[in-house]
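Input: a single structure, listed below in structure tokens.
The values are calculated or read from the model by the stated rules, or taken from the named source; none is laboratory data. None of these values were measured; they are calculated from a predicted model. A quick note on method: Cβ atoms are made from the backbone with ideal geometry, for glycine too, and the neighbour counts reach across all protein chains shown.
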């Protein structure tokens, strides 16, 4: 039996070596498969992270552009509410001037005539100050009716004016940097020529 054991040892050792090398090969194959799946998972995760990063950059760029646009609009139109309120003052100055017709002015005492002239100069100065901030009157009289700039209060028959044009301005309209601040309240001609 001793000889048999001695003879078996080399074979057993070879079997053990073969078994071990087979197991090592299997483990290496499993590790390779695991490595490939890990690499695939990492590549997918990498692509996902790149996509997220690009989306985040795009969002930041959109926010930057929106902020720039809002700053520009604030500079151009930030005074809109204040200017709109000041238009009531301009309207009152204009009404005060219009309340005294040109015919009557020649018969007024010099002090009253000077007062009216002062009101006219005040209106002119006030409108020029508004113009420095981009507030300009809308030229409505005789223009084609534009619902974006005019508010029609009534239609008036007038054979001499082109139909659809502004025949009378009831209240002056204003723009602020080419945006309507207040539409002109107008009467529109009808019954005249079509164009």
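Values for this structure:
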item	result
Boolean, residue 36 is surrounded by 10 or more Cβ atoms within 10 Å (Cβ to Cβ), in a loop (DSSP other than H, G, I, E, B) and modelled with pLDDT under 95	no
Whichever residue in the range 143-179 is closer than 24 Å to residue 82 by Cβ and out of contact with any strand residue (DSSP E or B) (no Cβ under 8 Å at 6 or more places or on another chain) and, among such residues, is surrounded by the most Cβ atoms within 10 Å (Cβ to Cβ)	177
Count - residues of the range 180-195 that are surrounded by fewer than 19 Cβ atoms within 10 Å (Cβ to Cβ) and closer than 14 Å to residue 81 by Cα	1
Selected residue (criterion: farthest from the chain's Cα centre (by Cα)) from residues of the range 95-142 that are in a loop (DSSP other than H, G, I, E, B) and surrounded by 15 or more Cβ atoms within 10 Å (Cβ to Cβ)	100
